[in-house]
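Participant: Take a look at this one; I'll ask things after.
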Amino acid sequence: MSSPLDHIFFPVAILLLFSKKLKLNPREVIALSFFAILPDIDVIFFGSNSISFHRVLFHNIFIVIIPLSFSILVKSYREVFGIICFYLTSHLILDMFTGGIFLFYPVYHDVFFARAELLLSHGSFVTTLEYGISNKIMNNGIGEPAISSENIAVALLLIICAAISVIVIHGKTE
């Protein structure tokens, strides 16, 4: 299960790394980062053990269509709605790789999933790529910590990469 740290730090780091090239305001990128965990709001209402609703109500393509529509209709805030779309889409992609999501719910009731791994087996690397459609979430993540040492390490690495990028970019502009 992707943790809140994964859902926030991966897309924030990506947007901050490319903010200058995309002409994004870094303050907006950070201020809107709560949209990266918005699809998990169903846990507040139904609880984390409620598999029947988690990754159903807000883990579908329709949650991205709403801000996408606003970005088309309200041109003055196109950048803001674009950032929101990126955060929501990144959440869906991360969860698709960690058990799957109900991508077209309520129109289609099956789970879209993907799994990509690089394993070390008998001294050589073995790649695994699986994807498809299932009638249930492949791994519901019960019992996994919301914040693990692995997630903290990933977050620290992303922060260090972002800081180095900012230093390099800032050094080139002076």
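Participant: 7 Å from Cα along Cα→Cβ at both residue 34 and residue 129: what's the point-to-point distance in nm?
Facilitator: 3.9
Participant: So, one more: Could you go through the stretch 129-135 in sequence order and give the Karplus-derived ³J(HN,Hα) for each residue, using 6.51 cos²θ - 1.76 cosθ + 1.60 with θ = phi - 60°, rounded to whole Hz, and x for Gly and Pro?
Facilitator: 9, 10, 7, x, 10, 10, 8
Participant: Next up: Which net charge results when you count Lys and Arg as +1 and Asp and Glu as -1 among the other residues whose beta-carbon is under 9 Å from that of residue 39?
Facilitator: Values: positive: 55; negative: 40, 42, 95.
After counting each charged neighbour, the total is -2.
Participant: Calculate one ³J(HN,Hα) per residue across the stretch 33-39 by plugging θ = phi - 60° into the Karplus curve 6.51 cos²θ - 1.76 cosθ + 1.60, and present them in order as whole Hz with x for glycine and proline.
Facilitator: Result, ordered by residue: 5, 4, 5, 5, 10, 4, x Hz.
Participant: Still on this structure, I have one more. How would 115, 27, 55, 78 line up from fewest to most surrounding beta-carbon atoms within 10 angstrom?
Facilitator: With the sparsest Cβ surroundings first, the list reads 27, 78, 115, 55.
Laboratory data are not the source of any read-out in this text; all were calculated from the coordinates shown. Here the structure is a predicted model, which means the values were calculated and not measured. Because the Cβ atoms are built from the backbone with ideal geometry, glycine has one as well, and the counts that use them run over all protein chains shown.
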